[in-house]
Amino acid sequence: MPTIILPQHHHLLIEGLRIHLIEKLGDGPTIVFLHGRCLSVKMWEKQFTSEQLASYRLIAFDLPGHGESEYSSEPKRHYSVMGLVNILKQLLDQVAVTNYILVGHSFGAHLVYQAIPHLIGCRGIVGMAMPLVKPARFDLMYNHLDILGQAWQANPAAEIITEYSRISLRLNAPDIPELVKEGLLNNDPKVHEIINSILVEGAYADETELINQCPFLVAIVLGAEEQIFNFDYIHNLQLRLWHNGPHLIQNAGHLLPWENSTAVDQMLAEFMNAAL
């Protein structure tokens with residue numbers, strides 16, 4: 001049985017911001033994790049204690065304005081898509097990763113897709129979100145748009161937090177992890193303002209084009225009982241993907257790395273072998 005090495009917490013100075021990250025050393029290749037909006041590195045706790053991933057070097061960081069990372073005094077600069085991609089590039093340089101895969105969940109997946117043209121030494125990406133087209137079709141892409149619109153604002157009401165937490169998991173999930181509520185209440189409200197304006201204004205690259213032009217392996221991985229995304233949307237896209245389509249994790253919804261970590265960890269190990 002491999003030895004489980006506990007992760008270490010660090011802070012790096014990037015773009016003038018203190019960025020919090022956790023790192024678990026390993027002899028194998030590196031997996032870098034990006035959480036979604038209103039979440040933090042706590043999203044990946046089960047991956048960092050996984051026996052299946054024990055041989056890999058694992059790194060996850062809190063996006064600016066989230067978790068233990070610093071809030072920006074220049075939100076338009078740091079919370080924009082390219083601002084966050086630039087921070088990701090500098091983070092990868094500072095932690096000296098090569099021969100790695102990049103894993104993003106929800107909004108973190110969109111950052112991974114947007115970063116494709118700028119990644120050096122990357123061998124593959126795993127996105128846990130459906131890609132954005134231009135112009136965006138949120139009406140086709142998402143279920144529960146009313147709940148999402150209210151949750152992704154400053155200071156959402158208690159009943160919206162409850163509903164958002166519920167649809168983040170598979171239907172009839174027995175427990176709602178505290179990290180969902182905590183994330184909604186403890187991020188910089190400016191994050192929502194900037195991200196919402198980016199989506200409305202279309203200030204991003206078409207992610208289907210980025211994926212289809214990607215020089216390395218791409219996987220889209222979703223919970224089979226996803227409640228937030230509409231599967232009809234992705235089935236109508238033409239994408240060059242690992243397994244020729246989205247890879248589904250059973251017994252999981254939108255928060256799949258938390259809900260079925262065993263299946264997610266096995267998938268990551270298989271993808272790493274295929275990408276390398």
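Here Leu91 meets each of (1) surrounded by fewer than 22 Cβ atoms within 10 Å (Cβ to Cβ); (2) in a loop (DSSP other than H, G, I, E, B) with one exception, condition (2).
I'm trying to understand the selection: among the residues of the range 158-174, which are of a type outside the set (S, T, N, Q), in a helix (DSSP H, G or I) and over 18 Å from the mean Cα position of the chain (by Cα)?
Correct list: Ala158, Glu159, Ile160, Ile161, Glu163, Arg166.
Considering only the range 150-157, I want to know if a residue exists there that is surrounded by 15 or more Cβ atoms within 10 Å (Cβ to Cβ) and part of a helix (DSSP H, G or I). Yes, the range 150-157 contains a residue that is surrounded by 15 or more Cβ atoms within 10 Å (Cβ to Cβ) and part of a helix (DSSP H, G or I). For the range 120-145, filtered to residues that are at pLDDT below 95 and over 20 Å from Ile234 (Cβ atoms), the residue that is surrounded by the most Cβ atoms within 10 Å (Cβ to Cβ) is Gly121. Residue check: Val97 meets all listed conditions (1) hydrophobic (A, V, I, L, M, F, W, C); (2) at pLDDT 95 or above; (3) in a loop (DSSP other than H, G, I, E, B) but one, namely (2). What residue, of Glu51, Glu23, Glu68, is farther than 28 Å from Trp152 by Cβ and assigned to a loop (DSSP other than H, G, I, E, B)? The conditions single out Glu51.
Taking the conditions exactly as written (buried (at least 17 other Cβ atoms within 10 Å of the Cβ) and closer than 21 Å to Cys38 by Cβ), does Val218 satisfy them or not? No; evaluated as a whole, the condition is false for this residue.
Restricting attention to the range 226-249, the residues that are more than 21 Å from Phe48 (Cα to Cα) and either in contact with a strand residue (DSSP E or B) (Cβ under 9 Å, 6 or more places away or on another chain) or of a type in the set (Ser, Thr, Tyr) (or both) total 16.
The values are calculated or read from the model by the stated rules, or taken from the named source; none is laboratory data. Keep in mind that this is a model prediction, so the values were computed, not measured. Ideal geometry is used to build each Cβ from the backbone, glycine not excepted, and the neighbour counts take in all protein chains shown.
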